[in-house]
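Novice: Below: one structure in structure tokens.
The values are calculated or read from the model by the stated rules, or taken from the named source; none is laboratory data. This is a predicted model, so every value here is computed, not measured. Glycine gets a Cβ as well: all are built from the backbone with ideal geometry, and neighbour counts include every protein chain shown.
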Amino acid sequence: MAEKVIPDHFIPPVASEIVERDGESYLQTNESMFTFYKRTKGEFSKYFLGLRDELKIYGIRCPRCSTVRVPPFALLCPDCDFVEMEYVEMADRGVMNSTPPITYFAHSLFQSWVPFGRGRVILEGADTALPVHVYTTKGVLTPFVFDKSTPVKIVFRDERLGKPTDIFAVPLRELDADQRARTPLMESDLDFSTSEEPTIGDATETRQETYDRALAMLQELAANVEESPRAQANLAGWQRTIEVKTAAGSLSLAIDDGSLTVTEGSPDRTDFVMACDDPQLLVRWMSFKDALTNAIVTGELWISVNKEFTTVFKLDRLPRSVRRDLA
Amino acid sequence: MRRVGIVGAGITPCKSHWLERTYYGLSQMAVKTCLEDAAVSVKDVDAVIYGIYNDIFELSAIPEHPLQGIIGMTNKPGMRVTNGGATGAYAMLAAYTFIASGLYDTVLALGVERSTDCFDFESMTQTPEVIKTIGWSADTFFERELGWTASDSYAEVVLAYMDDHPEDLKPEISAKISEILCQQAKNNPFAQRRDEVVTAEMAMSSRYVVYPFKLLEMCVYSEGAGAILFASEEKAKAIAANTGQPIIWITGIGACNEHSVAGPDYTRHKYMGRIWSDHIASHKAYEMAGIKDPVNEIEIVELHDAFIKQLQITMGEMGFVPVGNTDALIEDEIMTPGGKILVNPSGGLTFGGHFVGGSNMFSCWSARREMIERELSRGLVHGTGSTVAQYGVAMTLERSG
């Protein structure tokens, strides 16, 4: 069956309920505001058909001021008394206009993408920046993969619909000579295989002591989750088994619909792995001195599956939720 | 143009979710409080400007229409303004213009917004749906489908600024500002996070939402309403004589919308590393008010702090610290307690609350309140909004008497 414009699992049932606050009852109902479209891409059709069918990127050039605008967001030049412009085919290389933002917390439509980068590329010969997704082929996407002026190449998705997501940019430095020269470069030409797990350092006496402390704190946190409605809500409807590897040993975090179980050693099966040298990172997280998200962003903590940032957010909320409920 | 003054203001408490009132009820609360403050009847009000940002939040494409009768303005002019985050500021600009032009003598600016009626039934929480709702504000052909959010849009600007000024916006400075705003919110009886304690250390260690924005260094989602009553000089003096409250005159007002598409030349496209909208809007207002040296002439700023790092850049753009060295806000004790300028005594949108259509009324309410209570002479109210901080509005204030 074809994918729906609104996935079925987003749609709530028709229902109403009474919610109590300060001794008063209030009625609330499940509602929605939806409209379906058959929406023309109008004057942008050439650009989007270029992406979808021709594997080309079109810009538009003003014959009077020579400004080249990409994407071609206007047919008439607003700076030259609306003179008609002409389409030009653009190169698939350029530089980042600025450091792109990396989104770690997204709403339902884009949650499966996190972390994702949305950047702007000034293609060779262009005067404006093209909004595109940015990716790395080398593991976790952090804010330090790209910055202003990073050379990039545009890559075409294997499956295209005539949308902005039909293309994305990767750093030129991650491509070999053949990939750099190939036009168009396709998604399937790249190797996005899972990045290699980093080598964990040696177990020192200090790290062993820290591991023991971290394990004890985690077990206390798990016990507190049972008493904390906020923490239970953080983990509601979620199931994951996570192996946390440190230089001083592994431990297992099992999330099961509102509960957290912590055990020493590696689990039998894992949904994903988190790895770090120093278990002090876990202590800092539970002591409100750092967030796991931030440790991943700065490279101190490695995760095996990018999209499990969603689980990491849930873990990040736990210490604060517990403190708010049990303080 | 005629002189215009503020003679009354009222806001509701800012809440993360108002279960007890719809936006109809919130509007009535704010208008009633505002008119009581000015000691006038709604019968004395000539026209109303509504600030409501997002149709989807209110579940209506003409959300202001039911308010006209509800707030007692039947058969009078009413006009809605919607300009993204700067909706409230633009609504006040429209109210000002209605009077300055000579068309009306008393105009009410009413800002109201819901947000957390929106609910994500997958996560069984509100936030993802609120983010999604705001996401419909993006360019629908080239950007929305890339996962545009308000946060990542402002992060783009801040990151580009950091490209140009890597030594500025140090993490400990933003965290300190968050702590200061948290403390200041305790003086605001309507602040959403009045009872919360956020230290610089907590802000520093809070998680990234969108790099470089951390959870405790950004605004909250709120529901509420705010109303400001503007009057012509003659009317304002009559009202002030009755209430005994000083008039807060609007001495300057400026607005600017940048291009939405990025390019290196700010005069033709959006230069991502600056917030020219704030710069141009504030300097237009200064020119109108005759302000030459804002840091020595303005005592209080109520600034639209969607994000703390954006607050810093905006303060630079408005001339209070150099662009490129906005850390001077803390390092040179410009906005520390007892510093040269009182910035966001309401707690700002970060700790006070951010009901989008009326947030700038909330800021205006606070600026007026502080100017009267602390007997400050000159103030500034600011609003920012739309993608990549495209819109900016600044309004300079002066207390009479």
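Novice: Mind counting the residues in the range A:266-319 that are surrounded by fewer than 17 Cβ atoms within 10 Å (Cβ to Cβ), part of a loop (DSSP other than H, G, I, E, B) and within 14 Å of chain B (Cβ to nearest Cβ)?
Specialist: So the answer is 6.
Novice: What number of residues within the range A:222-241 satisfy the criterion of being surrounded by 13 or more Cβ atoms within 10 Å (Cβ to Cβ), of a type outside the set (Phe, Trp, Tyr) and closer than 22 Å to A:Trp302 by Cα?
Specialist: Selection size over the range A:222-241: 3.
Novice: What tally of residues in the range B:153-174 results from selecting those that are more than 7 Å from every other protein chain (Cβ to nearest Cβ) and touching a Gly at 6+ places or on another chain (Cβ under 7 Å)?
Specialist: Of the residues in that region, 4 qualify.
Novice: Quick one: in the range A:30-77, of everything that is β-branched (Val, Ile, Thr) and within 15 Å of A:Lys163 (Cβ to Cβ), which residue is surrounded by the fewest Cβ atoms within 10 Å (Cβ to Cβ)?
Specialist: Here the answer is A:Thr40.
Novice: Say we look at the range B:140-152 and pick out the residues that are more than 8 Å from chain A (Cβ to nearest Cβ) and surrounded by fewer than 24 Cβ atoms within 10 Å (Cβ to Cβ); which of these is farthest from A:Tyr37 (Cα to Cα)?
Specialist: Of everything passing the filter in the range B:140-152, B:Arg144 is farthest from A:Tyr37 (Cα to Cα).
Novice: Checking the condition at pLDDT 95 or above, buried (at least 16 other Cβ atoms within 10 Å of the Cβ) and over 25 Å from the mean Cα position of the chain (by Cα), which residue from A:Val244, A:Val262 passes?
Specialist: Answer to the selection: A:Val262.
Novice: As an exercise: evaluate B:Ser260 against (1) buried (at least 24 other Cβ atoms within 10 Å of the Cβ); (2) under 21 Å from B:Phe213 (Cβ atoms) and give the number of the one condition it does not meet.
Specialist: Here B:Ser260 meets the rest and fails (1).
Novice: Looking only at the range B:294-347, count every residue that is charged (D, E, K, R), in contact (Cβ under 8 Å) with a residue 24 or more places away in the chain, surrounded by fewer than 18 Cβ atoms within 10 Å (Cβ to Cβ) and assigned to a loop (DSSP other than H, G, I, E, B) and tell me the total.
Specialist: Total satisfying the criteria: 1.
Novice: Within the set of pairs 6+ apart or on separate chains, which have a first residue in the range A:230-253 that is outside the structural domain of A:Asn306 (by TED's automatic domain parsing), a second that is part of a loop (DSSP other than H, G, I, E, B) and modelled with pLDDT of 95 or more, and C-beta atoms under 9 Å apart?
Specialist: none
Rundown of residues vs (1) more than 8 Å from chain B (Cβ to nearest Cβ); (2) within 24 Å of A:Phe192 (Cβ to Cβ); (3) touching a residue at least 24 places away in the same chain (Cβ under 8 Å), yes/no style:
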site: A:Cys80; (1), (2), (3): yes, no, no
site: A:Val83; (1), (2), (3): yes, no, no
site: A:Phe110; (1), (2), (3): no, yes, no
site: A:Val121; (1), (2), (3): yes, yes, yes
site: A:Val134; (1), (2), (3): yes, yes, yes
site: A:Gly139; (1), (2), (3): yes, yes, yes
site: A:Lys153; (1), (2), (3): yes, yes, yes
site: A:Asp166; (1), (2), (3): yes, yes, yes
site: A:Pro171; (1), (2), (3): yes, yes, yes
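Novice: Just give me the residues in the range B:292-310 being of a type outside the set (Val, Ile, Thr) and in contact with a Lys or Arg (Cβ under 7 Å, 6 or more places away or on another chain), in sequence order.
Specialist: Residues satisfying the conditions are B:Glu297, B:Glu299.
Novice: Just name the residue that is nearest to the chain's Cα centre (by Cα) out of those in the range A:161-193 that are in a loop (DSSP other than H, G, I, E, B) and surrounded by 13 or more Cβ atoms within 10 Å (Cβ to Cβ).
Specialist: A:Phe192
Novice: Does any residue of the range B:78-91 turn out to be over 23 Å from B:Thr384 (Cα atoms) and over 17 Å from the mean Cα position of the chain (by Cα)?
Specialist: Yes, there is a match, as at least one residue in the range B:78-91 is over 23 Å from B:Thr384 (Cα atoms) and over 17 Å from the mean Cα position of the chain (by Cα).
Novice: Any residue that is under 22 Å from A:Arg118 (Cβ atoms), of a type in the set (S, T, N, Q) and not in a loop (DSSP other than H, G, I, E, B) - is there at least one of those in the range B:189-212?
Specialist: No, the range B:189-212 has no match at all.
Novice: Now for a separate question. Of everything in the range B:251-289, what is among the charged types (D, E, K, R) and more than 14 Å from every other protein chain (Cβ to nearest Cβ)? Give them in sequence order.
Specialist: Of everything in the range B:251-289, those that are among the charged types (D, E, K, R) and more than 14 Å from every other protein chain (Cβ to nearest Cβ) turn out to be B:Asp278, B:Lys284, B:Glu287.
Novice: Does A:Asp202 satisfy the criteria of being in a loop (DSSP other than H, G, I, E, B), within 30 Å of B:Leu215 (Cα to Cα) and more than 14 Å from chain B (Cβ to nearest Cβ)?
Specialist: no
Novice: Report, by residue number, each residue of the range B:75-127 that is without any contact (Cβ under 8 Å) to a residue 40 or more places away in the chain and part of a strand (DSSP E or B).
Specialist: B:Gly78, B:Met79, B:Arg80, B:Val81, B:Asp120, B:Thr125
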